[in-house]
Amino acid sequence: MRNPNKLEDDYRELDLEPGASLEEVKSSYRELAMFWHPDQFHGQPKRLPKAHQKMTRLNLAYERICKALAIPPRPQSAPTPTRPNSETARPQEHFRPRETRTNSLGMQFVSVSGTSVFVSIWQTRVQDYAAYAKVANGVGVSWKNPGFSQTAAHPVVNVSWHDAKQFCAWLTEKERREGKLPGSSEYRLPTDSEWSWAVGIGHRESHGTPRDKAKKLKDVYPWGTQGPPPKGAGNYDPSLGTDPFEYTSSVGSFAANAQGVFDLGGNVWEWCEDFLNGASGVRVLRGGSWNFSGARHLLSSYRNGVMPSARSGGIGFRCVLAGVPTR
C-alpha cells in the first residue's frame, strides 16, 4: 500500500526530484498535462486508455503535493450567493488559477488543471453575442427573443450548436485579423472531457464516449455530494428554492468553483463539441439550467443530448481558448 506520508513517488510522477519548489511543480505539471491530455490522442485509439491513466496519476500527484505544501484546499461547502457583476463575482484569491486571459470583448478565461485550454469563466453573455450579431452577416434573431427579460450580462440563449460554432469562428477570425491571436490559436466550444475537468470530475472519469460516462458518478454535483442543491448553489428550477431568479441570471451571480469558473451548474445548458455517442447524431449539453429540477439532470456527470439545430431559452454556451501556450 502506498504510504500517504511520502511524496517521493508523486514528485517522480511529475518528473521531479523530491523537494522541488512549488513553481517547479506547477511548471512540470502544466507541461505533462499538455502532452498527456486524452484530447491529444483521439486519433490514436490504442494509446487513449494509457493517456487517461497517466492524466489521472498526474492530477492526483499534483493535488497531493499542493496539499502537502499547504496550498489552501478546495472548499467542499456550498457556495454563498454574490451580487451579479460585483467585484465579489470574480474568482477569489484562493480560487485563483495559474493563468488568466482577457480578450477583445472583455471575456475572461482561466487555465484549467487537466487541460491545455483556457476556459471562459462565464457563459457567453448577451453583450458578447450582440457584438458578433452587429457586424456578422446572416445571424438570426432568436437570441433576442427568449420569452423573458434579459440584460447584457445574462447568458445568451436560444442559440443552436451551429450558432455557437459560428460565434467562435467569428471571434477567432476577428482577433487574428487584429493581431491579438496567433494563427495556431482558436476559440471553440469545450470538448466533453474539458468540461468535465472544469467542473472538477475529469480525473475521476474513464475513457469512453460522453454517453458511456453519463451519470456514472453518483451523488457528485457542482456544489458537493448531497442533493437537492442548497440555497446559493446556482440558478436552478424555481421549484427547488435555491435562488431568487425565475429565469436566467446574470453570469457570475454565484460563487466560482475551485477552478475559478462560474455557473457550471445551472443557469443554462452549455453546448460541447462532441457527439453524445462519439460519432454522429445529437450533440452534448452539460450543466443543467434554470428550468430543470430532476436530480439526475443536476449531476456533474450528466450529459444531455439534443440535435445541433435545437434552440431554447435554457440553452447557451461557453467558449474555450485553445492553442495558446501557458506561461
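The values are calculated or read from the model by the stated rules, or taken from the named source; none is laboratory data. Keep in mind the model is a prediction, meaning the values are calculated, not measured. Note: ideal-geometry Cβ built from the backbone for every residue, glycine included; neighbour counts use all protein chains shown.
Out of curiosity, is Leu58 buried (at least 19 other Cβ atoms within 10 Å of the Cβ), among the hydrophobic types (A, V, I, L, M, F, W, C), modelled with pLDDT of 75 or more and within 22 Å of the chain's Cα centre (by Cα)?
Yes: the conditions hold for Leu58.
Filtering the range 213-241 down to residues that are among the hydroxyl-bearing types (Ser, Thr, Tyr) and at pLDDT below 95, which residue is farthest from Trp197 (Cα to Cα)?
Within the range 213-241, the first condition is being among the hydroxyl-bearing types (Ser, Thr, Tyr), and the residues that meet it are 221, 225, 236, 239.
The next check asks that each one be at pLDDT below 95; those that pass are 225, 239.
Details: Thr225: 17, Ser239: 29 Å.
Applying the filter and picking the extreme gives Ser239.
Considering only the range 162-169, I want to know if a residue exists there that is surrounded by 15 or more Cβ atoms within 10 Å (Cβ to Cβ) and at positive phi.
For the range 162-169, residues surrounded by 15 or more Cβ atoms within 10 Å (Cβ to Cβ) and at positive phi: absent.
Name the residue, out of Ser120, Ser149, Ser111, Ser116, that is more than 15 Å from the chain's Cα centre (by Cα) and either surrounded by fewer than 23 Cβ atoms within 10 Å (Cβ to Cβ) or not charged (D, E, K, R) (or both). Break it down into steps so the answer makes sense when it comes.
Values: Ser120 fails: more than 15 Å from the chain's Cα centre (by Cα); Ser111 fails: more than 15 Å from the chain's Cα centre (by Cα); Ser116 fails: more than 15 Å from the chain's Cα centre (by Cα).
That would be Ser149, the only listed residue that is more than 15 Å from the chain's Cα centre (by Cα) and either surrounded by fewer than 23 Cβ atoms within 10 Å (Cβ to Cβ) or not charged (D, E, K, R) (or both).
Can you find a residue in the range 235-254 that is over 24 Å from Glu186 (Cα atoms), among the aliphatic types (A, V, I, L, M) and assigned to a loop (DSSP other than H, G, I, E, B)?
no
With in contact with an Asp or Glu (Cβ under 8 Å, 6 or more places away or on another chain) and either of a type in the set (Val, Ile, Thr) or free of Cβ contacts under 8 Å to residues at least 24 places away in the same chain (or both) as the only criterion, which of Trp143, Trp122 stands out? Working first, answer last.
On the way: Trp122 fails: either of a type in the set (Val, Ile, Thr) or free of Cβ contacts under 8 Å to residues at least 24 places away in the same chain (or both).
Checking each option against the conditions leaves just Trp143.
If you check His203 against the conditions, is it in contact with a His (Cβ under 7 Å, 6 or more places away or on another chain) and in contact (Cβ under 8 Å) with a residue 24 or more places away in the chain?
no
Just give me the residues in the range 156-186 being farther than 20 Å from Gly138 by Cβ and of a type in the set (D, E, K, R), in sequence order.
Within the range 156-186, Glu175, Arg176, Glu178, Lys180, Glu186 qualify.
Does the range 116-134 hold any residues that are farther than 15 Å from Gly316 by Cβ and at pLDDT 95 or above, and which are they?
Val117, Phe118, Ala131, Lys134
From Gly305, Gly281, Gly287, grab the single residue that is closer than 21 Å to Lys215 by Cβ and at pLDDT 95 or above.
That would be Gly287, the only listed residue that is closer than 21 Å to Lys215 by Cβ and at pLDDT 95 or above.
Which one of Gly183, Gly179, Gly227 is among the small types (Gly, Ala, Ser), more than 20 Å from Met107 (Cα to Cα) and more than 18 Å from the chain's Cα centre (by Cα)? Reasoning before the result, please.
Values: Gly183 fails: more than 20 Å from Met107 (Cα to Cα); Gly179 fails: more than 20 Å from Met107 (Cα to Cα).
Criteria check complete, one pass: Gly227.
Please note which strands (runs of 3 or more DSSP E) are completely contained in the range 92-201 and include at least 1 residues that are touching a Lys or Arg at 6+ places or on another chain (Cβ under 8 Å). Before the answer, list the steps.
Values: elements: 100-102, 108-111, 118-120, 186-188.
Passing ranges, in order: 108-111, 118-120, 186-188.
Check the range 215-230 and report whether any residue there is buried (at least 23 other Cβ atoms within 10 Å of the Cβ) and of a type in the set (Val, Ile, Thr).
No, the range 215-230 contains no residue that is buried (at least 23 other Cβ atoms within 10 Å of the Cβ) and of a type in the set (Val, Ile, Thr).
If we keep just the residues of the range 85-115 that are of a type in the set (A, V, I, L, M, F, W, C) and over 25 Å from Glu205 (Cα atoms), which is modelled with the lowest pLDDT?
Ala89
So, in the range 123-138, how many residues would count as being of a type outside the set (Gly, Ala, Ser) and surrounded by fewer than 18 Cβ atoms within 10 Å (Cβ to Cβ)?
Summing the residues that are of a type outside the set (Gly, Ala, Ser) and surrounded by fewer than 18 Cβ atoms within 10 Å (Cβ to Cβ) in the range 123-138 gives 4.
Looking at the range 191-211 only, could you name the residues that are among the small types (Gly, Ala, Ser) and within 11 Å of the chain's Cα centre (by Cα)?
Within the range 191-211, Ser193, Ser196, Ala198, Gly200, Gly202 meet the criteria.
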